[in-house]
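J.: Questions regarding the structure given below will be posed in turn.
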Amino acid sequence: MEICTKLEEMATPSLTNLGYEIVRITLQGGDVKTVQIMAERIDRANMTLGDCETISRTVSALLDIEDPFQGKYMLEVSSPGIDRPLVRPADYVRFKGFNAKIETVCNIDGRKRFKGCLKSFDEATQTVIFQFEDKELNIPFGEIAKAKLLLTDDSIQKQPKKKIN
């Protein structure tokens, strides 16, 4: 099992109980590992420094107990921001109508990189329908290497107004 998947499975129950959802976990580094956790609130309110501290304390305790890798590690916690990565099929549904950048594993229509608009997500075929230039592409979810929302004036306007506690 990949270490990031193991870390996500380990942290998800505790963070869900605290009202958070993991967006992505990455692991970097050599001798001293850096565990990067990107998370958001389940209620979609803005993340605060206090939220990041809560997640950090919780995950740090879990890492100390589970000890998933040897040696020292650093833990970084952040919110996804407006130009957030698109990781799960639900992200493509949630951000329908937003501009995004998608990089595929294999060429589609002779390219691997696309900038355009998320039109929809077909659950039955697990396909992202993406408006690229003047055509609509069907991109299989499994063929997406990386994807993220683009920071534009329009994306800022489309963000729901969130109440800060």
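The values are calculated or read from the model by the stated rules, or taken from the named source; none is laboratory data. Small disclaimer: the values here were computed from a predicted structure and weren't measured. Note that each Cβ is placed from the backbone with ideal geometry, even for glycine, and that neighbours are counted across all protein chains shown.
J.: If only one of Val77, Val59, Val32 is modelled with pLDDT under 90 and over 21 Å from Ile144 (Cα atoms), which one is it? Spell out how you get there, then give the answer.
T.: Numbers: Val77 fails: modelled with pLDDT under 90; Val59 fails: modelled with pLDDT under 90.
Being modelled with pLDDT under 90 and over 21 Å from Ile144 (Cα atoms) holds for just one of Val77, Val59, Val32, which is Val32.
J.: State which residue is surrounded by the most Cβ atoms within 10 Å (Cβ to Cβ) when the search covers only the stretch 71-102 and only residues that are outside any loop (DSSP other than H, G, I, E, B), touching a residue at least 12 places away in the same chain (Cβ under 8 Å) and among the small types (Gly, Ala, Ser).
T.: If we take residues in the stretch 71-102 being outside any loop (DSSP other than H, G, I, E, B), touching a residue at least 12 places away in the same chain (Cβ under 8 Å) and among the small types (Gly, Ala, Ser), then Ala100 is surrounded by the most Cβ atoms within 10 Å (Cβ to Cβ).
J.: Take the stretch 42-83 and flag every residue that is of a type in the set (A, V, I, L, M, F, W, C) and touching a Phe, Trp or Tyr at 6+ places or on another chain (Cβ under 9 Å). Steps first, answer last, please.
T.: Start the filter on the stretch 42-83 by keeping residues that are of a type in the set (A, V, I, L, M, F, W, C), which leaves 42, 45, 47, 49, 52, 55, 59, 61-63, 65, 69, 74-75, 77, 82.
Those that are of a type in the set (A, V, I, L, M, F, W, C) and touching a Phe, Trp or Tyr at 6+ places or on another chain (Cβ under 9 Å): Ile42, Met47, Ile55, Leu63.
J.: Might you check whether a residue that is modelled with pLDDT of 95 or more and within 19 Å of Lys6 (Cα to Cα) occurs anywhere in the stretch 42-54?
T.: Looking through the stretch 42-54, none of the residues is modelled with pLDDT of 95 or more and within 19 Å of Lys6 (Cα to Cα).
J.: Moving on to the next point. Is it the case that the stretch 98-114 has a residue that's among the hydrophobic types (A, V, I, L, M, F, W, C), in the same structural domain as Glu133 (by TED's automatic domain parsing) and in contact with a Phe, Trp or Tyr (Cβ under 7 Å, 6 or more places away or on another chain)? Break it down into steps so the answer makes sense when it comes.
T.: Filtering the stretch 98-114 for residues among the hydrophobic types (A, V, I, L, M, F, W, C) gives 98, 100, 102, 105-106, 108, 114.
Those still in the list that are in the same structural domain as Glu133 (by TED's automatic domain parsing) too: 98, 100, 102, 105-106, 108, 114.
So of that shortlist, the ones also in contact with a Phe, Trp or Tyr (Cβ under 7 Å, 6 or more places away or on another chain) come out as 102, 114.
There is at least one residue in the stretch 98-114 that is among the hydrophobic types (A, V, I, L, M, F, W, C), in the same structural domain as Glu133 (by TED's automatic domain parsing) and in contact with a Phe, Trp or Tyr (Cβ under 7 Å, 6 or more places away or on another chain).
J.: Grab the strands (runs of 3 or more DSSP E) fully contained in the stretch 108-153, keeping just those with 2 or more residues being of a type in the set (Lys, Arg). If you could, list the steps in order and put the result at the bottom.
T.: Numbers: elements: 111-122, 127-132, 135-140, 144-149.
Because the criterion is at least 2 residues that are of a type in the set (Lys, Arg), the strands (runs of 3 or more DSSP E) in the stretch 108-153 that meet it are 111-122, 144-149.
J.: So is Phe69 of a type in the set (A, V, I, L, M, F, W, C) and within 24 Å of Leu149 (Cβ to Cβ) or not? Reasoning before the result, please.
T.: Details: of a type in the set (A, V, I, L, M, F, W, C): yes; within 24 Å of Leu149 (Cβ to Cβ): no.
When the stated conditions are applied, Phe69 does not pass them.
J.: How about the stretch 103-118: which of its residues are surrounded by 16 or more Cβ atoms within 10 Å (Cβ to Cβ) and not hydrophobic (A, V, I, L, M, F, W, C)? Give the derivation first.
T.: Narrowing the stretch 103-118 to residues surrounded by 16 or more Cβ atoms within 10 Å (Cβ to Cβ): 104, 108, 114, 116-118.
Within the stretch 103-118, Thr104, Gly116 qualify.
J.: While we're here: Taking the condition of being closer than 23 Å to Pro80 by Cα and loosely packed, with under 15 Cβ neighbours inside 10 Å, how many residues in the stretch 121-154 meet it?
T.: 7
J.: Cβ contacts < 7 Å: first residue touching a residue at least 24 places away in the same chain (Cβ under 8 Å), restricted to the stretch 123-148; second residue assigned to a loop (DSSP other than H, G, I, E, B) and buried (at least 17 other Cβ atoms within 10 Å of the Cβ), any location; separation 6+ or different chain. Result?
T.: Ala147/Leu86; Lys148/Arg84; Lys148/Leu86
J.: Here's something else I'd like to know. Would you mind telling me which numbered condition in (1) in a helix (DSSP H, G or I); (2) over 24 Å from Asp83 (Cβ atoms) Glu8 fails?
T.: (2)
J.: How many residues does the stretch 19-54 hold that are among the hydrophobic types (A, V, I, L, M, F, W, C) and exposed (fewer than 13 other Cβ atoms within 10 Å of the Cβ)? Break it down into steps so the answer makes sense when it comes.
T.: Our first condition is that a residue be among the hydrophobic types (A, V, I, L, M, F, W, C); within the stretch 19-54, this holds for 22-23, 25, 27, 32, 35, 37-39, 42, 45, 47, 49, 52.
When the remaining residues are screened for being exposed (fewer than 13 other Cβ atoms within 10 Å of the Cβ), the result is 32, 42, 49.
Residues that pass the stated criteria total 3.
J.: Still on this structure, I have one more. Given (1) among the charged types (D, E, K, R); (2) modelled with pLDDT of 95 or more; (3) more than 13 Å from Ile22 (Cα to Cα), identify the lone condition not met by Asp67.
T.: Every listed condition holds for Asp67 apart from (2).
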